[in-house]
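The values are calculated or read from the model by the stated rules, or taken from the named source; none is laboratory data. Since the structure is predicted, the reported quantities are computational estimates derived from the model, not experimental observations. Reconstructed Cβ throughout: ideal geometry from the backbone, glycine too, with neighbour counts over all protein chains shown. Heavy atoms of the whole protein, side chains included, go into the accessibility calculation; ligands, DNA and RNA do not. Shrake-Rupley method; radii C 1.70, N 1.55, O 1.52, S 1.80 Å.
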Amino acid sequence: NGTRPDIVILDDLETPEQVASPAQTRDLEKWFNSDVLPMGSISADFIYIGTVLSYESLLYHMLTNAGYSSWTRKRFQAVIEFSRSPLWGEWENIITDLERGDHAYDDAVAFYNEHKEEMLEGTEVLWPDQRPDMYRYLMERRIADEESFASEYMNDPQTENTRVFKTKWLEDNYYVDAPDIREMCIAIDPAVSAKRKNDYSA
């Protein structure tokens, strides 16, 4: 009757199946901009909550595109600072050691408790009080399924394993003196997307 809502809450609009389809993603973003945003009152608040499932998803566009800069954007990750301790490598070897059988997990917990202070040095998690030893719990989830951990806990739809170009290849890759050129190469970069602002598709 002419009264428009003064608060609009959108929760998990996208599914893994939906973001796998560029057409569905485009349709959702068009619906969002054409139907959802205009429906609020003059002073309406819009709250959009979800998990980033793809770099082409509406939510990722909301977080990164300049067109949505009027929004207050926040991206939360369960692990704010990862441990630099090499002891986590030993811990992982223990917890995934098939020869230990049913004792692998208990042995890993014992190792963690023995070296807990060093293993947690410098770490920071978003919600430390959710459960005891929250950081260790998150590392267990990462071992179980790294891709799910990246998406569900870190709001990052890709892991280092799935990236074509690894972050570690690009970080700290600087030279005081340029190395000798051993061979010359040329590369062609065919655009994956045909968006207006992208390179021409090949």
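Structure notes:
- Gyration tensor verdict on the stretch 89-189 (Cα atoms; rounded if a/c is under 1.5, prolate if a/b is larger than b/c, oblate otherwise): prolate
- Spacing of the modelled spin labels on ASP156 and TYR105, each 7 Å from Cα toward Cβ, amounts to 2.7 nm.
- From helices alone, the chain scores -8500 deg cm²/dmol at 222 nm; the rule is -39500 (n - 2.57) for each run of n ≥ 4 DSSP H residues, then divide by the residue total.
- Per residue, the accessible area of the stretch 1-105 comes to 68 Å² when a 1.4 Å probe rolls over the protein heavy atoms.
- Pairs of Cα atoms nearer than 8 Å and 6+ residues apart set the relative contact order; for the chain it is 17 percent.
- Cα-centred dipole magnitude for the chain, charges only on beta-carbon of K, R (+1) and D, E (-1), debye, nearest 20: 1220 debye
- Taking 20 Å as the cut-off, the amide N atoms of the stretch 92-126 that come nearer than this to a point 7 Å along the Cα-to-beta-carbon line of PHE82 belong to 92-97, 112, 116-126.
- Exposure here means at most 16 other Cβ atoms within 10 Å; with chymotrypsin sites (Phe, Trp or Tyr not before Pro) in a DSSP loop as sites, the longest stretch of the chain lacking them is 83-164.
- Residues of the chain were split at every exposed loop site, defined as GluC sites (Glu not before Pro) in a DSSP loop with at most 13 other C-beta atoms within 10 angstrom, and the longest piece left, sites excluded, is 1-120.
- TYR48 long-range amide H proximity, modeled H, under 5 Å: LEU10
- Linear extension gain, ASP180 paired with ALA44, 0.36 nm per residue minus alpha-carbon span: 42.9 nm
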